Every structure is written in structure tokens, then in C-alpha cells.
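Have a look at the structure below, then the notes.
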Amino acid sequence: PAEGEPLVIVGTGLAGYNLAREFRKLDETTPLVMITGDDGTFYSKPLLSASLTHGKTPQQLATASAEDMARELNAEILVRTHVNDIDTESKILTLVPENGSHSAGLRYGRLVLATGAGCRPLPAIDGDGGARLFRINSLGDYHRFRTALVGRRKVLLLGAGLIGCEFANDLIQAGYRVEMVDPVDWPLASLLPEAAGRDLQRTLEGAGVRFHGNSRVTALERRGAGIRARLDNGETLEADIALAALGLQANTGLAEAAGLETGLGITVDRRLRTSDADIYALGDCAEVDGHQLYFVAPLMACARALAKTLAGEPGDVYYGAIPVAVKTTLRPTTVCPPPAGAEGSWRIESSEDGVRAEFRDGDGHLLGFALTGAAIAAREELTAECAPLME
Ligand code: FAD
């Protein structure tokens, strides 16, 4: 890069900030500019689905302000500013501040996209209850939901995936009643074999969660101060407020418009390089060597590898087996899903105390696992044995 031109990182989520921290350990002087559409608060996003029980306010989850981070990182941080164009020829970003002032250009030497993922679009739902349906993917969303919950008792939860199950676990322990609806047969069905999913379902139901599997919400209507949902099986459910946890999708729009290669996420190789030699990507927005993972552990591995590359010691990222702790504290659960399309079968050991499920191929190689309850003690042993995601 030309002398003096900054390293620019778009996004101040865990990917952007952790990359900046790792980079500053190796390079204290290269000018660093970070840009974010939000207010640049540093917080741990996974806590959003595990904080109602403890009555945590958004302020308590915020560990550092943008000003604190700018000082720590010796960086300029532009908040409430959207990047809406990348001119890859002249290496200029178009910045649009939220406060209505004129857009401005910013020249970059090297550019990193850490633009995260947004909530997947909602399926078609009839009715006028949409305004009472919340989604949580940022500290601001958490604040809005928490405010709307005041004085409410019953929550309709759409989605029984990882984040849906965590919210069910959190809401029920915070004293709310929970109706959870999902078209799948058992909670976490895309990650857990039936025995482990049913085990989690029993625990959540034992705590008071009502699980409606094999069902979709087709209509959501206002009813007084609350809502009424119609399910495709004809059932109706009443609640005060609704929360949708229907999965994420990588924010690739900016990259696509700039002509960068994208798939499920922004396509990068193991050096975190996009199809443009001076642009990199990591975190929820990036598909790294074919792996699109919405978890913290892989983005930390990417942040460390990319920091080295940007500081002049090029190296590849490596993904081993990546187990994920589901924050269903009522029934601790860990899952290390087998790669999509892997051939093999689940072997299950089930007891009152928990489920140990191992996904092995025909030769007995461990390709993935799922553990609930006391069986999570086997996490380290199975992680060490499990096939890595990357060679
Ligand atoms: P984000 O946090 O989404 O940050 C994206 C940043 O990009 C933001 O600063 C945004 O303002 C900025 N941005 C985007 N586009 C633009 C633009 N055009 N211009 C300017 N700025 C832009 N993972 C786990 O491993 N374990 C868990 O237990 C876990 N629990 C979770 C619970 C919840 C409720 C959620 C939502 C996620 C959870 N995850 C968990 C996933 C994990 O939180 C994410 O993988 C991680 O936080 C992603 O960080 P990121 O920096 O890539 O993206």
C-alpha cells in the first residue's frame, strides 16, 4: 500500500475489534480507521441471549465506548456512518453519515470487511401484528426488546434454533411464559440428533416452555395490547409480545456491489483475501475457504491470522474442530456439528444425566458430536479426537 494510507476496517463487532486488537499487538503505528453503522460500543454479542435472567441492562453489557476503543487501539473510529460504495480501482470508500451531512470519500491502503450478518428475512406472515414482533441482533435491538417487555408476561418465540433455544432458556428463568414455535420436530434440529434435541426439549418443557414443533406461524394479529398467532395446524396462541429468532444471513451487499466474489458470505481464501488483492474479510460476513460459520471461535482464529498477514507476516487461518457451547443453562449443551453432507451416522448413549452423541463415518472416524447435561464433560476429549474442518 502507498505510504500513509490507512488500514480501514468496516465493522466494529467482535470481528472488527478483535482484528484491530491483534493488529495493534504487532503494529503500533500504521494509521487505522474503523467505520461502523452503529455507535461503536464494544460488547459481547453472545450475551444478548443470556442476560434477561440476570436483569442485565444494555449499559451493563457495554464494556467500552467507541471513544475508549479509539484510545486503546490508537485508531480513528467513525460511528453512525455507513459505507455504501467501494471503488476498488481508486481505492476509495463512500461514507454516508447518519446525521444527514454530505457523503465523503475515504482512501484506503488495505481494506477489511467485517460487516457481520443480519437477521434472515421473515417468512410471509399475515396480519397487523408485525410491529409487536421483535428480533435481536445488536445491543440496540436488545434495548428495544427489553423496554417492550416491561409489564409483559408471555412471549411467543418463533424459532427453536440455537438463538431461539437460548432465549427460551433465558426468558423462562427471567419469569416469563414462553410459547416456542418451529416447523422442525425437535429443538436445535439442524444441529442435534433427535435424542439430544428431545433431551433439551424435556428440560425446557419441564421449566415451563411450551414447544410447538412441526408448526409455523401463518398470521400474527394485534389483540388488545398483545398479539394472537395463528399456526398452520389451525391452533391459535395468545401472547403479549413476539420474538423471532429465525437465523442469520451474511451482509454481503457492499462486497457484491463492488464486484467482489460472494457465495453464502464474502468469498475469502485461508489468507482471508477476497477476490481483490487489497481487500480482506472475516467474521459473520465471510465464507472462509468454503466455511460459513456464525460463531466467535472461528472469527478469533481469523483475527489472529489476518493481523499477522496485515503486519507483514503472511499466514493462513486454520480451523480445527469447533465445538459450540449452547447457552441453555438449564441443560448445558455442546455441539460440534459434522460438516454439511458428511457421510456417517450418530451413535447415541443416553441416560437421565444427559446424552452423548457421536457422529462417525464408516471407518469409525469422529466427524462431529453433541453432548447434553453431564455428558458435556467429554467435550475436550471429543474435540481432540474430532476431524478438523481444515486440513
Ligand atoms: P457483527 O457483530 O454483526 O458486526 C458487524 C459490524 O459491521 C457492525 O459494527 C455494523 O455496524 C457494521 N456494518 C455492517 N455493514 C456496514 C456498512 N455498510 N457500513 C458501516 N458499518 C457496517 N457465537 C458463539 O460463538 N457463541 C454463542 O454463544 C453465540 N451466541 C449468540 C447469540 C446471539 C443472540 C447472536 C445474535 C449471536 C450469537 N453468536 C454466538 C454469534 C456471534 O455473536 C457472532 O458470530 C459475532 O458476534 C459476529 O461478529 P461480527 O463482528 O462478524 O459481526
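The values are calculated or read from the model by the stated rules, or taken from the named source; none is laboratory data. Please read these numbers as outputs of a predicted model, since none were measured by experiment. When we count neighbours, we look across all protein chains shown, and the Cβ atoms used for this are built from the backbone with ideal geometry, even at glycine. All accessible areas refer to the heavy atoms of the entire protein, side chains included, with ligands and DNA or RNA removed. Shrake-Rupley method; radii C 1.70, N 1.55, O 1.52, S 1.80 Å.
Could you check, for region 130-143, whether at least one of its residues is more than 30 Å from G159 (Cβ to Cβ) and part of a loop (DSSP other than H, G, I, E, B)? Spell out how you get there, then give the answer.
From region 130-143, those more than 30 Å from G159 (Cβ to Cβ) are none; that's our starting set.
No, that holds for no residue.
One line per residue, one yes/no per condition, for (1) under 30 Å from I86 (Cα atoms); (2) of a type in the set (F, W, Y); (3) assigned to a helix (DSSP H, G or I); (4) without any contact (Cβ under 8 Å) to a residue 12 or more places away in the chain:
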{"site": "I163", "(1), (2), (3), (4)": "no, no, yes, no"}
{"site": "A195", "(1), (2), (3), (4)": "no, no, yes, no"}
{"site": "L204", "(1), (2), (3), (4)": "no, no, yes, no"}
{"site": "R230", "(1), (2), (3), (4)": "no, no, no, no"}
{"site": "A255", "(1), (2), (3), (4)": "yes, no, yes, no"}
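Go through region 77-100 and give me each residue that's closer than 12 Å to T36 by Cβ and open to solvent by 50 Å² or more (accessible area, probe 1.4 Å).
To start, the set of residues in region 77-100 that are closer than 12 Å to T36 by Cβ comprises 77-83, 95, 97-98.
Selection gives V79, R80, H82, E98.
Considering each of R71, R24 in turn, give the residue that is farther than 20 Å from N137 by Cα, basic (K, R) and open to solvent by 40 Å² or more (accessible area, probe 1.4 Å).
Working: R24 fails: open to solvent by 40 Å² or more (accessible area, probe 1.4 Å).
Exactly one residue qualifies, and that residue is R71.
Is there a residue being touching a Ser or Thr at 6+ places or on another chain (Cβ under 6 Å) and either among the basic types (K, R) or not in a helix (DSSP H, G or I) (or both) anywhere in region 173-190? Walk me through how you get there before you give the answer.
Within region 173-190, the subset touching a Ser or Thr at 6+ places or on another chain (Cβ under 6 Å) is 173-174, 181.
Keeping just the survivors that are either among the basic types (K, R) or not in a helix (DSSP H, G or I) (or both) gives 174, 181.
Looking for residues that are touching a Ser or Thr at 6+ places or on another chain (Cβ under 6 Å) and either among the basic types (K, R) or not in a helix (DSSP H, G or I) (or both), one finds at least one in region 173-190, hence yes.
Give the residues of region 232-253 that are open to solvent by 20 Å² or more (accessible area, probe 1.4 Å) and assigned to a strand (DSSP E or B), sorted by residue number.
Of everything in region 232-253, those that are open to solvent by 20 Å² or more (accessible area, probe 1.4 Å) and assigned to a strand (DSSP E or B) turn out to be T236, E238, L248, Q249.
Quick check on P314: is it open to solvent by 40 Å² or more (accessible area, probe 1.4 Å) and at negative phi? Steps first, please.
Working: open to solvent by 40 Å² or more (accessible area, probe 1.4 Å): yes; at negative phi: yes.
Yes; evaluated as a whole, the condition is true for this residue.
So, in region 120-164, how many residues would count as being open to solvent by 70 Å² or more (accessible area, probe 1.4 Å), more than 29 Å from T252 (Cα to Cα) and of a type outside the set (D, E, K, R)?
Within region 120-164, residues that are open to solvent by 70 Å² or more (accessible area, probe 1.4 Å), more than 29 Å from T252 (Cα to Cα) and of a type outside the set (D, E, K, R) number 3.
Among the listed residues T334, T328, identify the single one that is within 12 Å of the ligand (Cβ to nearest atom) and either open to solvent by 60 Å² or more (accessible area, probe 1.4 Å) or assigned to a loop (DSSP other than H, G, I, E, B) (or both).
Working: T334 fails: either open to solvent by 60 Å² or more (accessible area, probe 1.4 Å) or assigned to a loop (DSSP other than H, G, I, E, B) (or both).
Testing whether each residue is within 12 Å of the ligand (Cβ to nearest atom) and either open to solvent by 60 Å² or more (accessible area, probe 1.4 Å) or assigned to a loop (DSSP other than H, G, I, E, B) (or both) leaves just T328.
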